[in-house]
Amino acid sequence: MQTDSSASPPELARHPEGASTPAVQPRTLRWWPAACLVVLMFLLRMIPAVVESPSLPVIFASFLGPAVAGVLILLWWVTFSRSTIRERLLGALLTIALIGISITLLHPSLANMNAIMYVVPYGAGAFAVSLCLLAAQPRWRLPVALGAVALTLGYWDLLQSAGVDGTFQPELSWRWIPTAEERYLQTVTSQATETPSPAPAEKILLADAAWPAFRGAARDGRQPGIALKSNWEEAPPKSIWKKPIGPGWSSFSVAGNRLFTQEQRGEDEAVVCLNASTGETIWATTYPSRFWEAVAGAGPRATPTIADEGLFALGANGVLLALDPVTGAKRWTRDLQVDAGRKPPMWGFASSPLVVQGLVIVHAGGAENKGVLAYRAADGELAWSVPSGDHSYSSAQLATFDGVSGLLMSTNSGLQFLDVANGHTIWEHRWAGDNYRALQPLVVGNSAFIATSLGLGTRKVTARQKGELWEVTEDWTSRDLKPDFNDFVEYQNSLYGFDGNIFTCVSLETGKRAWKRGRYGNGQVLLLPDAGQLLVTSETGEVVLLKADPAKPVELARFPAIEGKTWNHPVVIGFKLYLRNAEMAACYELALEQLPEQQSQSVVQQGD
């Protein structure tokens, strides 16, 4: 009798031999490639936090590698996962759609590069982790994975960014919480921006300036004539004032009882004059300009310069101003974007003006001869311009080699020594690199020390005049001192500064490390040479007093001074310490020790 094949259950199939087996069911996912990619994402993301002074390629691998791994996760899903065709299409299309929606809804501070760094890898990572955990659960794995993607990306849409810290870890907060800048703007009144009526004879000159420019008159971070008491438990620093301030990485210049700095105020940049005794605003001159980037956030990068001809300041978008230091009234302005024919560099124009021989000199990095620009201080007219590197976050400074004075400029092309009068090259040292240069060259005798960021280290070059020619030699290049944007100082044949985010001491003669200790983050250092003391501000706003000793690290005292990421340079005038960061400015009174010569003078005066 003939058997009716239709009587077989629909879920059974027949082998050629005649045996019946179940139909093909959805299979367990091949999950291990996705798991490997998630682990790779994590390792790449952790590089800046665990690798000391990572190189530029390593930094880019950390930034972009997780996003590439995220794309590979989607590629795994559609080609190698063992999922069904329906799962593949739905999973890939909906994940891409969720990522696109999330990028659209991101806070502006997390847009563009941040979207690639965070949204793509975290969304793809959530997708992969869920699928790995539910690889054998065909009914639930895709819905749960898509839900995890939606929740993860929704979390990022609730955040805002204030930039990153010195290890490139993001500084995040809920997007509905007012930022420090927004809170500060609420406190700024119209009276704060009005300029007072000065006394007719009131005038501020260079002779009045105890700290006329970025890192002092010589831009070397040295303040002689001061010795601090080192027992801060018995004589703790006394808080004189604290006040909110707008974003910016400027330091202070100081003349008399006035502090000059720069900040961001919403859509305006501002040059601000503060009362050094109270912190109150004396005047603030604003102009339309806002610079923001994902690493350091908003605000000016340079520090105002005090000169007999006035007060000079450069904004992050390239607006150069000459102001009356008494009233803040504008005398003239120039635009480096126009004069140099270029957009701002990646982290903004950062050249604190050098004022010398009636000229205001800044680095612009324009093409051809628009690299270093010199303007007449009196009227702002361009006096000369010469070629230079196309980016630098350093500032021109005066220096003398073999009795010849000129201006020194460190850029991505190397080191230039130029004639102040006309910009002609006296000598140069080529050390080209893709990494940025943000530090001031340090001059000791006929030698200059220049540093390159992101792990390349520091180089010593020596310049000597041989008749009408110059001989410039490389003495050493050392990776024992690898600062990023943290200037270093010299004391008694040793260099003190940051090797990555750890404080270190190296030999001036050899570049070899003497010691390395003190995790102060990406902070700054100020030298008190007459006392052999180092005043360090940590990245977290602590102030640390060290003894400048090449034999061993000696931490004398420390105290928490201000809150928030602190990359700005400190200033000490007499017994006053002035600090600021992108959120707060502060003044502390420090207890002083008498230096030997001061004690001698005191004895003489008592005898009289």
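Within the option set Gly445, Gly455, Gly414, Gly467, being farther than 23 Å from Thr303 by Cβ and in contact (Cβ under 8 Å) with a residue 40 or more places away in the chain holds for one residue only, Gly455. Looking across Val295, Val272, Val319, one residue alone is assigned by TED's automatic domain parsing to the domain that holds Tyr375, of a type in the set (A, V, I, L, M, F, W, C) and farther than 21 Å from His363 by Cβ. It is Val272.
Taking region 559-571 as the range and being of a type outside the set (Gly, Ala, Ser) and either surrounded by 20 or more Cβ atoms within 10 Å (Cβ to Cβ) or not in a strand (DSSP E or B) (or both) as the test, the residues that pass are Ile562, Glu563, Lys565, Thr566, Trp567, Asn568, His569, Pro570, Val571. Kindly indicate whether Ser239 is more than 23 Å from the chain's Cα centre (by Cα), more than 26 Å from Gly365 (Cα to Cα) and assigned to a loop (DSSP other than H, G, I, E, B). So Ser239 does not fit the description; no. Total residues in region 59-83 satisfying the condition of being touching a residue at least 40 places away in the same chain (Cβ under 8 Å), surrounded by 15 or more Cβ atoms within 10 Å (Cβ to Cβ) and out of contact with any Ser or Thr (no Cβ under 8 Å at 6 or more places or on another chain): the figure is 12.
Scanning region 532-553 for residues that are touching an Asp or Glu at 6+ places or on another chain (Cβ under 9 Å) and either among the β-branched types (Val, Ile, Thr) or more than 18 Å from Leu495 (Cβ to Cβ) (or both) yields a count of 6.
Of the candidates Ala145, Ala135, Ala124, the single residue that is surrounded by 19 or more Cβ atoms within 10 Å (Cβ to Cβ), assigned by TED's automatic domain parsing to the domain that holds Ser83, touching a Ser or Thr at 6+ places or on another chain (Cβ under 9 Å) and part of a loop (DSSP other than H, G, I, E, B) is Ala135. Each residue in region 284-302 was checked for being in a loop (DSSP other than H, G, I, E, B) and at pLDDT 95 or above, and 7 of them qualify. Within region 242-283, the residues that satisfy the criterion of being assigned to a strand (DSSP E or B), within 20 Å of Ile573 (Cα to Cα) and charged (D, E, K, R) are Lys242, Lys243, Arg258. Given (1) modelled with pLDDT of 95 or more; (2) surrounded by 22 or more Cβ atoms within 10 Å (Cβ to Cβ), identify the lone condition not met by His107. Tallying (1) modelled with pLDDT of 95 or more; (2) surrounded by 22 or more Cβ atoms within 10 Å (Cβ to Cβ), His107 fails exactly one: (2). Considering region 62-82, and only residues there that are of a type in the set (Gly, Ala, Ser) and touching a Leu at 6+ places or on another chain (Cβ under 6 Å), the residue that is farthest from Lys516 (Cα to Cα) turns out to be Ser81. All of Thr261, Thr285 fail the test of being closer than 22 Å to Arg215 by Cβ and buried (at least 17 other Cβ atoms within 10 Å of the Cβ), apart from Thr261.
Would you mention how many residues in region 54-88 are over 20 Å from Pro170 (Cβ atoms) and within 19 Å of the chain's Cα centre (by Cα)?
Going through region 54-88 one residue at a time, the tally reaches 2.
Are any of the residues in region 414-431 within 22 Å of the chain's Cα centre (by Cα) and of a type in the set (Ser, Thr, Tyr)? Scanning region 414-431, I find no residue that is within 22 Å of the chain's Cα centre (by Cα) and of a type in the set (Ser, Thr, Tyr), so the answer is no.
Evaluated against (1) in a loop (DSSP other than H, G, I, E, B); (2) in contact with a Gly (Cβ under 8 Å, 6 or more places away or on another chain); (3) without any contact (Cβ under 8 Å) to a residue 60 or more places away in the chain, Ala551 falls short on exactly one condition, (2).
Note on region 303-394: enclosed strands (runs of 3 or more DSSP E) holding 3 or more residues that are surrounded by 22 or more Cβ atoms within 10 Å (Cβ to Cβ) and touching a residue at least 24 places away in the same chain (Cβ under 8 Å) are 305-307, 310-314, 319-323, 359-363, 372-376.
Residue-wise test of (1) assigned to a strand (DSSP E or B); (2) without any contact (Cβ under 8 Å) to a residue 12 or more places away in the chain; (3) of a type in the set (Ser, Thr, Tyr); (4) over 26 Å from Val51 (Cα atoms).
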{"site": "Cys505", "(1), (2), (3), (4)": "yes, no, no, no"}
{"site": "Gly511", "(1), (2), (3), (4)": "no, no, no, no"}
{"site": "Trp515", "(1), (2), (3), (4)": "yes, no, no, no"}
{"site": "Asp530", "(1), (2), (3), (4)": "no, no, no, yes"}
{"site": "Leu534", "(1), (2), (3), (4)": "yes, no, no, yes"}
{"site": "Ala557", "(1), (2), (3), (4)": "yes, no, no, yes"}
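Of all residues in region 505-554, those satisfying the criterion of being out of contact with any Lys or Arg (no Cβ under 7 Å at 6 or more places or on another chain) and among the acidic types (Asp, Glu) are Glu509, Asp530, Asp549. Being assigned to a helix (DSSP H, G or I), in contact (Cβ under 8 Å) with a residue 12 or more places away in the chain and among the acidic types (Asp, Glu) is true of Glu87. The set of residues in region 201-228 that are in a loop (DSSP other than H, G, I, E, B) and under 13 Å from Thr305 (Cα atoms) comprises Ile204, Leu205, Ala209, Ala210, Pro212, Ala213, Phe214, Arg215, Gly216, Ala217, Ala218, Arg219.
The test for being among the aromatic types (Phe, Trp, Tyr) and in contact with a strand residue (DSSP E or B) (Cβ under 6 Å, 6 or more places away or on another chain) does not hold for Trp249.
The values are calculated or read from the model by the stated rules, or taken from the named source; none is laboratory data. It should be emphasised that the depicted structure is a prediction, and the values quoted were computed from it without experimental measurement. Cβ: placed from backbone, ideal geometry, glycine included. Neighbour counts: every protein chain shown.
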